[in-house]
Amino acid sequence: MKYTSQMVAKPYFIFALVLLVGEIAFGLILGLQYISGDFLFPHIPFNVARMVHTNLLIVLILFAFMGATYYLVPEESERELWSPKLAIITFWVFAAAGVATILGYLLVPYATLAEITYNNILPTMGREFLEQPTITKIGIVLVVLSFIFNVAMTVIKGRRTVISVVLLTGLFGMAFFFLFAFYLPNNLVLDKFFWWFVVHLWVEGVWELILGAILSFVLIKVTGVDREHIDKWLYLIIAMTLVSGIVGTGHHFFYIGTPDYWLWIGSIASAVEPLPFFLMVIYAFSMAKQRRIEHANKIALTWAKGTTVMAFLGAGVWGFLHTLAPVNYYTHGTQLTAAHGHLSFFGAYIMIMFTIISYAMPIMRGRDKGNGPKAQKVERAGFWLMVIGMLGVTLALTVAGTWQIILQRWPESGDALSFMATQAEIIPVYKVRLAFGIMTLAGLLAYLYSFFVKDEPQKVRA
Amino acid sequence: MKERITKNMARNIYFGGSIFAILLFAGLTVDTVQKVPELSNSKNITRSVARGKELWEVNNCVGCHTIMGEGAYYAPELANSFNRLGASNEHTFKAYLNGWMEAQPLDTPDRRKMPQFNLTKEEVDNLADFLIWTSNIDDNEWPPNIEG
């Protein structure tokens, strides 16, 4: 580690991993509720468990992004972080607000939470992924602004690299688009339309810039490839991301009351969306092939390559599967959407978190060359368990979605099975999904265990 | 391919491409915002419809249901519930919805459970008005059939 202030990343990474355990635990609860509707009812109804599951995901990704930023920006800028103290304060504020919000979901009925947090003054609650009380949302804005300020001051005062500027652009975009979370019109169509400005333009827009920057940083470090080369690839990838992703928001505007030209525009633009992810795969693998150094931290490179492949499958392939309007007419709002959501979030954003943690955490723990071979072996087992587990979850949900369409969507009214009857038919598939979910958790536990595996001291230095 | 593209060219593609995409998207956004009132019959958004939407939100209905295909996939689609459950008749729908909300949670073992939200009759009627308004939105003929 070159700069002591990079250490502020450590609590962010640890907390993100703790939240991930909770996120998957609640995923398993939901998986069980898909099989038995009585499970944990009325103590934790499905909607509450789902809120916890998705909100933990979003918050943990934000923690991972912040940790990654605090780690890489000083090194890229060749100077200490502008204010490490501010970074630690924002960590505690954000962690406390996050925990309080999750406890609020679990301890009181949602309507009560809305009431006691004065949602009526500035209503923003009750929309998918944006369930947080308004005061939490304001808190997020303040935390993110102080974070961006801290990072921007460091970047401006230090060496400016393509990686740090792209990262900063992504962070600015993230802050900007979140502001649409505060707009909640009476008209449901406008509400939905601008809701996607947060949701889609985050995950298929600015977050990909952040992902690209983190990936590039790790690739430079573990392959030793020339920066000029990396920069060119990064520019091309984010160019494709924004060209396809921004107008590609239109693939959400097919059937929600927006004008019908979106059927064409959304289909065409979003058909290009797999391209940046495909470029990322070529990028990671060709950088690895052209590597100039043999970094002892081999597992970090495995994560980097794995991220691109899984992101391409989840966001690219599973996204394209149902992005064309005539196909989406039948798939919209089925388990296929859930299949795509699970693999793309895991492949792109959870795996990039593992990538940067896998690279940075050993260094922050005083092991410049990465963990010892024994620990890396355990981590590799965790990698495969999680990857196969999530692929299994996704394939099961894909079967569930297809079956749902065949029974419920495709037949004419009268012949089609009702939603509830269809779901009862699909239960065997949900059992398979749950089994792969448990495998994913086992992978995560193996991964966490790898932090405590001790290698022979001389082996670490070898 | 990548050898022929220089870093400068890549940067120009990035800036040019993004600016083009942002401008195109901004233009389409302005046009969409102008067309939505007609497509959604926004003049029919009464006080009761707006109140119904608020109730929809503060009870986190979207945490289980979908509405126009968006939300969770645990409980039935509700944008066409007026047609499916109320036979497109306001009186029938409101009577049905009041009875349904009152009866929750159902006592069927293992069936997915809907919580009891303790809404007043007026609130359930607001919710019904919101769902009736929603059912009339021009959403390109979605869903494919009545089952949603």
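The values are calculated or read from the model by the stated rules, or taken from the named source; none is laboratory data. This is a predicted model, so every value here is computed, not measured. Cβ: placed from backbone, ideal geometry, glycine included. Neighbour counts: every protein chain shown. Quick note on the areas: whole protein, heavy atoms, side chains included, nothing else; ligands and nucleic acids left out. Shrake-Rupley method; radii C 1.70, N 1.55, O 1.52, S 1.80 Å.
Within the group A:Ala97, A:Ala87, which residue is under 20 Å from A:Phe182 (Cα atoms) and not acidic (Asp, Glu)? Of A:Ala97, A:Ala87, the one residue that is under 20 Å from A:Phe182 (Cα atoms) and not acidic (Asp, Glu) is A:Ala97. Scanning region A:227-248 for residues that are under 30 Å from A:Val189 (Cα atoms) and more than 7 Å from chain B (Cβ to nearest Cβ) returns A:Met240, A:Thr241, A:Ser244, A:Gly245, A:Gly248. For the condition at pLDDT 95 or above and open to solvent by less than 10 Å² (accessible area, probe 1.4 Å), A:Gln376 does not qualify.
Select, from A:Leu60, A:Leu20, A:Leu107, A:Leu56, the only residue that is farther than 30 Å from A:Phe149 by Cα and either acidic (Asp, Glu) or away from every other protein chain (no Cβ under 13 Å) (or both). Explain how you work it out, then say what you get.
Numbers: A:Leu60 fails: farther than 30 Å from A:Phe149 by Cα; A:Leu20 fails: farther than 30 Å from A:Phe149 by Cα; A:Leu56 fails: farther than 30 Å from A:Phe149 by Cα.
Step by step, each of A:Leu60, A:Leu20, A:Leu107, A:Leu56 is checked, and only A:Leu107 is farther than 30 Å from A:Phe149 by Cα and either acidic (Asp, Glu) or away from every other protein chain (no Cβ under 13 Å) (or both).
Conditions tested, residue by residue: (1) more than 30 Å from A:Gly401 (Cβ to Cβ); (2) modelled with pLDDT of 95 or more; (3) out of contact with any helix residue (DSSP H, G or I) (no Cβ under 7 Å at 6 or more places or on another chain); (4) not aliphatic (A, V, I, L, M).
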site	(1), (2), (3), (4)
A:Phe15	yes, yes, no, yes
A:Glu23	no, yes, no, yes
A:Ile29	no, yes, no, no
A:Gln33	no, yes, no, yes
A:Leu40	no, yes, no, no
A:Asn47	no, yes, no, yes
A:Thr69	yes, yes, no, yes
A:Glu78	yes, yes, yes, yes
A:Ser83	yes, yes, no, yes
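The single condition among (1) more than 23 Å from B:Ile5 (Cβ to Cβ); (2) surrounded by 21 or more Cβ atoms within 10 Å (Cβ to Cβ) that A:His200 does not meet is (2). As for region A:348-369, it holds no residue that is within 14 Å of chain B (Cβ to nearest Cβ), in contact with a Leu (Cβ under 9 Å, 6 or more places away or on another chain), crowded, with 20+ Cβ neighbours inside 10 Å and not small (Gly, Ala, Ser).
I need the full set of residues from region B:7-56 which are of a type in the set (Ser, Thr, Tyr) and facing chain A (nearest Cβ under 7 Å), in order please.
B:Tyr14, B:Ser18, B:Thr32, B:Ser40, B:Ser42
So, in region B:111-141, exactly how many residues are among the aromatic types (Phe, Trp, Tyr) and closer than 17 Å to B:Gly86 by Cα? Give the steps one after another, and end with the answer.
Taking region B:111-141 first, the residues among the aromatic types (Phe, Trp, Tyr) are B:117, B:130, B:133.
Among the residues that remain, those that are also closer than 17 Å to B:Gly86 by Cα are: B:130, B:133.
Residues that pass the stated criteria total 2.
Of the helices (runs of 4 or more DSSP H) lying entirely inside region A:202-320, those containing at least 2 residues that are in contact with an Asp or Glu (Cβ under 6 Å, 6 or more places away or on another chain) and not polar (S, T, N, Q) span A:227-248.
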